[in-house]
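Q: Okay, handing you the structure first.
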Amino acid sequence: MLLSCFFTYFLLISISKLTIVSGHTLMFNFKKAFGKPITIFIITALGISIVSSVIGVMGVVAEVTMEWISVKTSISFLNKPVIAVFFTALLIALFWTGKHGNFIKAMSIMVGLMALAFLFTSIMVLKESGKSILDFFPELPKGDHTGLIIAGIVGTTMAGVALASRSILVQEENWGINDLKKENKDAKSAMVLTFLISLAIMISATGTLYFSSTKVDDATDMMSALGPWAGDFALTLFTLGIIGAGLSSIFPNLLLFPWLIADYSGKPRDMKKPLFKLIVVLVALSGLIIPVLGGKPVWILIASQAFSPFVMPLITLFLIILLNKSELMKTYKTSLWMNIALGATFVFNCFMLYISITGFTEFFK
């Protein structure tokens, strides 16, 4: 996770610089420099990751929320499909307002809830576990789909969709050359916070699941494990964290597919277009698949994140080539040290691709 955040920082500032200097987003630059077929391949791969992530995340959110309702209330007429329909309708309604400011505010609230829930949980776990801090350091177990899980952990941070959205958001903010330092600071703070929140989640998981040898097949397995640490408030705390994490993950995914299409075509990101509205609704409705038809959302979610490393080496390589093009970057060509950093990132991405392929191979045996 530390390496993933470290290397993602270099990708974020490089993509932002490319967007600012060229005036175009990542996918448009890829199409212009490397052609339509390979860019369509990248967008398709990102699209698969987006849809599979929405399917897995909504499955987890519905499962956890239903467990909380069944334990904490006497409501009997609700079930997972109804809960999933409610959250899906909420996200579509949020999108339908069509205001970027509402999007930022909603994301901030949801991410804030998630961060606070897991930070409080990790503090309680560290305090009550009776274990040394060294006992919390992760190890790599043999078997049990280790490769798939490692690739999934890295995929949550170094995700192609997150990098593509970075390019879009930089353009949305209208940042210019004078904002490069501001952008650099923004990327740094984003990765530090990402690591700290991820660390809190991993501490919470270690203290409540690993030390008690609790096997997680369903999202609800995690809820009961939190009880000894937070008492009656455990379910509520965990549910808030999952809902915050889930909805804040799904909402940008609804917008990303239309954004990628608009960027590829070089046209304005007008989300009022009927085609874009249809795509958003279809992606949102895909989240109903597991609540309605059943399945294991945890493993679908892990697999969706583990799929991300499949396109990361290609994205990194293309980025390095573009950043060193004089006709594109002019006097803002990337420095030697940044080339070294991006080269190391490329090696890391290739290694993670190998880990991901190995993990999927073992998973489907």
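Q: I'd like the Karplus ³J(HN,Hα) series for segment 74-88: coefficients 6.51, -1.76, 1.60, θ = phi - 60°, whole numbers in Hz, and an x wherever there's a Gly or Pro.
A: Karplus-based 3J(HN,Hα) across segment 74-88 equals 9, 5, 10, 8, 8, 9, 4, x, 5, 5, 5, 4, 4, 5, 5 Hz.
Q: Please calculate how many Å² of accessible area segment 119-174 carries per residue, with a 1.4 Å probe and no DNA, RNA or ligand atoms counted.
A: 57
Q: For segment 274-365, what is the relative contact order in percent, using Cα pairs closer than 8 Å and at least 6 residues apart in sequence?
A: Averaging sequence separation for qualifying contacts and normalising by length gives 30 percent for segment 274-365.
Q: Please state the relative contact order of segment 20-127 as a whole percent: Cα pairs under 8 Å, 6+ residues apart?
A: Relative contact order here is 13 percent.
Q: If you don't mind, there's one more thing I want to ask. Just to check, using Stokes-Einstein with a Kirkwood Rh over alpha carbon pairs, what's the diffusion coefficient of the chain at 37 °C and 0.692 mPa s in µm²/s?
A: Estimated via Stokes-Einstein, D reaches 153 µm²/s.
Q: Longer than 30 Å from Cα to Cα, which of Lys215/Lys277; Lys31/Lys181; Lys188/Lys330; Lys182/Lys333; Lys188/Lys272; Lys105/Lys188 are they? Say none if no pair is.
A: From the list (Lys215/Lys277; Lys31/Lys181; Lys188/Lys330; Lys182/Lys333; Lys188/Lys272; Lys105/Lys188), the Cα-Cα distance tops 30 Å for Lys215/Lys277; Lys188/Lys272.
Q: Also, quick follow-up: How high is the relative contact order of the chain, in percent, with contacts defined as C-alpha pairs under 8 Å that are six or more residues apart?
A: Relative contact order for the chain comes out at 39 percent.
Q: Mind listing the phi-derived Karplus ³J(HN,Hα) values for segment 202-216, rounded to whole Hz, using 6.51, -1.76 and 1.60 with θ = phi - 60°, and x for any glycine or proline?
A: Karplus-based 3J(HN,Hα) across segment 202-216 equals 5, 5, 4, 5, 5, x, 9, 10, 5, 5, 9, 6, 7, 8, 10 Hz.
Q: When the chain is fully extended, how far beyond the present Cα-Cα distance does Ser74 get from Lys272, taking 0.36 nm per residue of separation?
A: Full-extension gain reported as 67.2 nm.
Q: Right, here's the next one. Over the chain, what percent of the accessible surface lies on carbon and sulfur atoms, probe 1.4 Å?
A: Answer for the chain: carbon and sulfur cover 69 percent of the accessible area.
Q: Can you compute 3J(HN,Hα) from phi for each residue in segment 6-13, using the Karplus curve 6.51 cos²θ - 1.76 cosθ + 1.60 with θ = phi - 60°, rounded to whole Hz and x for Gly and Pro?
A: In residue order, the calculated couplings are 4, 6, 5, 4, 5, 5, 4, 5 Hz.
Q: Excluding Ile168 itself, what net charge comes from residues whose Cβ is under 9 Å from its Cβ, given Lys and Arg +1 and Asp and Glu -1?
A: Local net charge: 0.
Q: Right, another one. Please find the FRET efficiency linking Ile340 to Ile40, where r is the Cβ-Cβ separation and R0 is fixed at 51 Å, and quote it to the nearest 0.05.
A: Efficiency at R0 = 51 Å is approximately 0.95.
Q: For segment 61-80 and segment 285-323, what is the separation of their Cα centres, given in Å?
A: What the calculation gives is 28 Å, centre to centre.
Q: Sticking with this one: Where does the longest stretch of the chain lie that holds no chymotrypsin sites (Phe, Trp or Tyr not before Pro) found in a DSSP loop with 16 or fewer other Cβ atoms within 10 Å?
A: The segment 212-363 is the longest one with no such site.
The values are calculated or read from the model by the stated rules, or taken from the named source; none is laboratory data. For clarity, every value in this text was computed on a predicted model and none was experimentally measured. Cβ sites come from the backbone with ideal geometry, for glycine too, and all protein chains shown count toward neighbours. Just so you know, the surface numbers come from the protein's heavy atoms only, side chains and all, with ligands and any DNA or RNA stripped out. Shrake-Rupley method; radii C 1.70, N 1.55, O 1.52, S 1.80 Å.
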